[in-house]
Each structure stands twice: as C-alpha cells, then as structure tokens.
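Below is one structure, written out as structure tokens; comments come after it.
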Ligand code: FCB
C-alpha cells in the first residue's frame with residue numbers, strides 16, 4: 001500500500017505571522033514595500049497579520065480539529081538569518097522548532113517552504129535576486145534550516161512561485177521589491193532558479209527526505225500566437241529548466257536573455273522528489289502591444305472576489321498535462337478562492353461559493369488522479385484569512401474567518417465541510 005493521500009492546508013510566513021520586530025527578525029523586502037505609499041490596498045502591512053507567531057498553538061489546534069494530515073507553511077529567511085547570510089538567529093529557529101513539534105504532536109506532517117517571497121532586506125540592498133550572490137546566500141540559508149529541521153520535516157520545498165518573485169516583483173512592480181525592468185526580471189528569474197538548484201544540493205547533503213519546488217500555473221485560452229506566448233510566460237518559463245529542457249523560447253519581444261553561466265542549467269535540473277502545483281484560475285488572452293504583447297481579457301462566467309474565473313476544468317487539464325511531463329509525484333500545494341465573507345458576530349460564516357469551488361476542484365483533481373496522474377496531496381489555500389499581498393486584508397481566502405481587531409478565528413461553512421470530508425475519508 002502506498003502512503004495515504006495528503007489532505008492539508010497552506011499558509012506563508014509574511015501573510016500570517018506578524019511579530020515582524022520580535023526575537024531578532026531582520027527586515028524583509030515586504031516590510032519595506034508595504035511602507036511605500038500606494039503599494040498596498042488600504043496601506044496594509046504584515047506587522048500584525050494573524051498574529052500567528054504568538055498564536056501558533058491555537059492554529060495547530062484548528063488544524064487538528066479539521067483533521068488535516070499535513071500543513072504547508074514557510075520559514076521566514078529574515079528571522080533565521082537577519083542579515084541574509086552569516087549570523088544565525090537561534091531564537092527564531094526555535095520558533096519553527098516549536099511549531100514543527102506541535103504539528104508532529106498533533107499528527108500533522110510539516111510541509112516546509114523555504115522561500116515564500118520575504119527576501120531579507122540586507123540582501124536586497126546588495127542587488128537582491130538580480131545578483132547571482134543571492135542564489136548562494138539562499139543555499140546557505142537552506143542548509144541552516146535543514147540542519148535544524150531535516151530530522152522532523154519530511155517535505156522541503158525550495159521556492160514558492162518564483163514566477164511571481166521574478167515577474168510581479170521585477171517586471172510589473174506589483175510585488176516587492178516593486179521594480180519595472182525586463183532586464184531585472186530575467187536576472188531575478190535565473191538567480192531564483194540557480195538558488196533552487198544550489199539549495200537542492202544543500203538539502204540533500206543535510207539528509208532532507210523529500211525535496212521539491214512549488215510553481216504556479218495558469219492555463220491559457222485564446223488565439224494561437226498570444227496563447228502560446230502567454231503559455232511560455234506563465235507555464236513553461238520555470239518548469240522547462242527544472243525538467244532539464246532549458247528556457248523556452250522567450251515570451252518577450254526583446255533580445256535580453258537570462259544570464260546563464262556554464263553549468264547553471266545542470267544545477268537547475270537536479271532531480272526532485274515532488275512538484276508542488278499552485279492553481280487558482282485560467283487566463284483568456286488576445287494579441288497586445290509592447291515587450292510582452294499579450295492582452296488579458298475579462299473572465300467569462302463565474303469569478304471570485306479577485307475576478308479570477310472559477311474553472312475546475314482548468315485544474316483537471318493542468319494535472320493531466322503535468323502528469324504526462326513531470327517525472328515526479330505532484331501535490332496541489334495551493335488551491336482556493338477569495339470571497340468577501342462576512343461574520344454576523346456569532347455562529348459560523350456562510351461561504352457557500354467557497355464550498356462549491358473547493359468541491360469542484362477536488363473533484364477535478366481526483367478525476368485526473370483516477371486517470372493515472374500521480375497526485376499525492378491537496379492543500380487548501382488557506383487555513384486562515386490573511387495578508388493577501390498587494391490586495392491587503394480585504395480578499396479572504398481562509399477556511400477560518402479572522403476577526404482582525406480581536407484576532408478571533410471563526411470557522412466558515414467551508415471549514416466544517418472540509419472537516420466532514422476528511423473524517424469521511426477516515427483521515428481523522
Ligand atoms: C499565491 C501565493 C499565496 C496566496 C495565493 C492567493 O500566488 O502563493 O501566497 O497569496 O496566491
């Protein structure tokens with residue numbers, strides 16, 4: 001018998017932890033970016049977020065109540081190495097050790113992501129991901145975390161969605177560090193991938209059991225040229241090099257290319273133990289103008305509060321495609337929906353649209369699995385409502401509603417639904 005299917009929930013450090021000035025944490029690019037006027041809706045920051053750094057025990061209890069088998073979370077690099085490299089801050093490592101121990105005690109497998117976008121500011125000042133040095137710093141950080149936790153954490157993912165770090169961070173400017181330069185974005189993309197490859201080696205040397213990466217995918221619909229271009233941009237740019245295929249033909253109308261040095265592509269293509277797949281929606285495109293000549297069309301049919309089309313068939317098609325391409329087991333490491341949930345001050349929060357979204361996507365995932373795709377797990381984004389990056393706190397993705405002024409967690413109907421599903425599957 002194989003292992004049981006891993007049902008879980010996911011979060012990330014900056015989005016939930018708060019306590020940004022506590023226990024020797026150094027600043028990250030997100031602390032600086034959120035302070036920039038106009039960068040974030042409502043001027044929100046991650047300073048308090050869900051106060052998870054102090055309430056983690058309560059949050060592990062919520063997971064136990066749900067009956068999940070796994071928890072995907074991220075470690076904050078600026079907590080562990082406040083200057084990015086060199087000096088280790090044991091106080092912060094101790095936090096993640098306490099969290100991991102609490103999870104194990106609750107029978108929940110820790111699924112750790114090393115980098116969910118919170119680069120130490122000290123490294124950004126030295127060129128951030130535009131600098132090749134940051135890839136080496138990342139491997140050093142990976143080694144430190146693995147030394148502390150490899151004995152207790154069965155899954156290590158290097159990067160979360162490097163597409164967002166590279167392109168939203170350096171090309172569109174929507175995410176930290178907020179640059180708008182194709183040259184910067186291509187450098188960042190390549191150094192992120194190089195950092196991934198170097199970290200894979202470091203993690204293996206430290207005895208980590210399962211090593212992988214988490215990528216985001218957006219299936220694309222539309223007329224030929226724009227569709228293919230957008231597909232290379234959204235779905236191939238990071239996957240192809242990891243699979244040993246090198247970069248796809250550039251999606252950009254530009255002579256600029258990633259700064260590849262001899263040996264880099266081999267490092268980037270080191271074999272993995274899993275691929276994490278983040279899926280939310282599809283994109284409809286048409287020909288456009290400029291260096292990336294693609295236009296995005298509004299969603300057709302039902303959409304979430306962020307205007308993302310509800311398309312479970314997109315997940316099915318994606319998993320079938322990846323199943324045929326990727327030689328490693330797949331995990332859906334994020335899937336979920338934002339709605340403007342409201343709480344009446346008592347009782348559960350009614351979120352029928354989220355329940356319908358999750359039901360349909362799980363069904364799609366299991367259909368792909370039944371047809372032979374090696375899918376081993378599924379994580380709902382997210383356990384809690386949290387800091388949704390440039391959108392601030394308004395879009396709510398949680399199974400639990402967070403009443404921010406009191407930090408109370410209130411189960412939504414979707415939490416009750418997930419709990420029932422997991423207990424029916426004998427996972428409780
Ligand atoms: C993904 C991110 C995650 C969350 C969801 C909604 O791109 O990995 O942190 O914000 O989107």
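Every number here is computed from the coordinates shown, using simple stated rules; none is lab data. Source: prediction; values computed, not measured. Note: ideal-geometry Cβ built from the backbone for every residue, glycine included; neighbour counts use all protein chains shown.
With N counted as the residues of segment 192-342, its alpha-carbon radius of gyration over 2.2 N^0.38 Å works out to 1.15. Each of 103, 66 has some number of other Cβ atoms within 10 Å of its Cβ, and from fewest to most they run 103, 66.
Rank these for me by crowding, 304, 113, going from fewest to most other beta carbons within 10 Å. Present the calculation step by step, with values, prior to reporting the outcome.
On the way: 304 21, 113 26.
Exposure proxy ranking, most exposed first: 304, 113.
May I ask you to sort 311, 413 by Cβ crowding, counting other Cβ atoms within 10 Å and putting the fewest first? List each step's numbers first, then the result.
On the way: 311 26, 413 17.
The fewest-first ordering by Cβ neighbours comes to 413, 311.
Tally the DSSP beta bridges in segment 6-424 and give the antiparallel ones as a percent, rounded to 5. Of the beta bridges lying entirely in segment 6-424, close to 20 percent run antiparallel. Each 20 Å bin from zero holds the following percent of Cα-Cα pairs in the chain: 27, 63, 10, 0. Build a GNM of the chain with springs between Cα atoms under 10 Å apart, and of 114, 297, 81 the one that fluctuates most is 297.
The label-point distance for residue 370 and residue 136, in a model that sets each label 7 Å from Cα toward Cβ, rounds to 5.3 nm.
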